[in-house]
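Asker: Attaching a single structure in structure tokens format; questions to follow.
The values are calculated or read from the model by the stated rules, or taken from the named source; none is laboratory data. On a predicted model such as this, the values are computed, not experimentally measured, just so you know. When we count neighbours, we look across all protein chains shown, and the Cβ atoms used for this are built from the backbone with ideal geometry, even at glycine.
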Amino acid sequence: MVIGLGSMIGAGVFAAIGPAARAAGSGLLVGLAIAAVVAYCNATSSAQLGAIYPAMAANGDLPRVLDAVHPDYRVPHRAELAAGAAVTVLVLVADLRSAIGFSSFAVLTYYAIANAAAWTLPAAQRRWPCMLSVLGVAGCALLAFTLPEVSVLVGGGVLALGALIWFVRAALPSRPTTATD
């Protein structure tokens, strides 16, 4: 069944690419090269984000059950499954364009924060010139605020809610950790 489904999807992709290739002419290779670079960057950033879930779970920012790393494959399998389930639910209940816009806003915010953090590093700990971090923050902000208005508003609302929850949890007295945590 999976092979049949894959064949149908593959045939559909090739059927869609044919007219596009005719229209693109010699620019097709440039377009494919750009698409390959974008796909590589997406896969790399997804892998980097996947490494954050166990760290956040170990710190108590996410449920602790998500800090498990698979003993054989060394991947955060529970966190990846939870993220996949969340994305699946989001795609099923929300408009796909809205989900993509919200996701884009969240990822750009994450990278803006990472660039701002790199900006504050002492020169001895910095790998790249400080101006690159400044440009990173500005670029992320520019791209984030060119997204559809609903994506920015919903994304900002979710981030504000998350910040509020974080501040409330930080103000509460911490509970002692046990050997089962």
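Asker: Scan the range 72-110 residue by residue and report those that are surrounded by 15 or more Cβ atoms within 10 Å (Cβ to Cβ), aromatic (Phe, Trp, Tyr) and over 30 Å from GLY136 (Cα atoms).
Answerer: Once the filter is applied, which keeps residues that are surrounded by 15 or more Cβ atoms within 10 Å (Cβ to Cβ), aromatic (Phe, Trp, Tyr) and over 30 Å from GLY136 (Cα atoms), the range 72-110 yields nothing.
Asker: Would a scan of the range 134-144 turn up a residue that is among the β-branched types (Val, Ile, Thr), surrounded by fewer than 16 Cβ atoms within 10 Å (Cβ to Cβ) and in contact (Cβ under 8 Å) with a residue 24 or more places away in the chain?
Answerer: So far as the range 134-144 goes, no, none of its residues is among the β-branched types (Val, Ile, Thr), surrounded by fewer than 16 Cβ atoms within 10 Å (Cβ to Cβ) and in contact (Cβ under 8 Å) with a residue 24 or more places away in the chain.
Asker: Sticking with this one: Pairs, please: C-beta under 6 Å, at least 6 apart or cross-chain, first residue at positive phi and at pLDDT below 90 and in the range 151-174, second loosely packed, with under 11 Cβ neighbours inside 10 Å and among the basic types (Lys, Arg)?
Answerer: Taking only residues 6 or more apart or on different chains, not a single pair turns up.
Asker: Run ALA79 past the list (1) within 16 Å of the chain's Cα centre (by Cα); (2) in contact (Cβ under 8 Å) with a residue 40 or more places away in the chain and report the number of the one that doesn't hold.
Answerer: All conditions pass for ALA79, except number (2).
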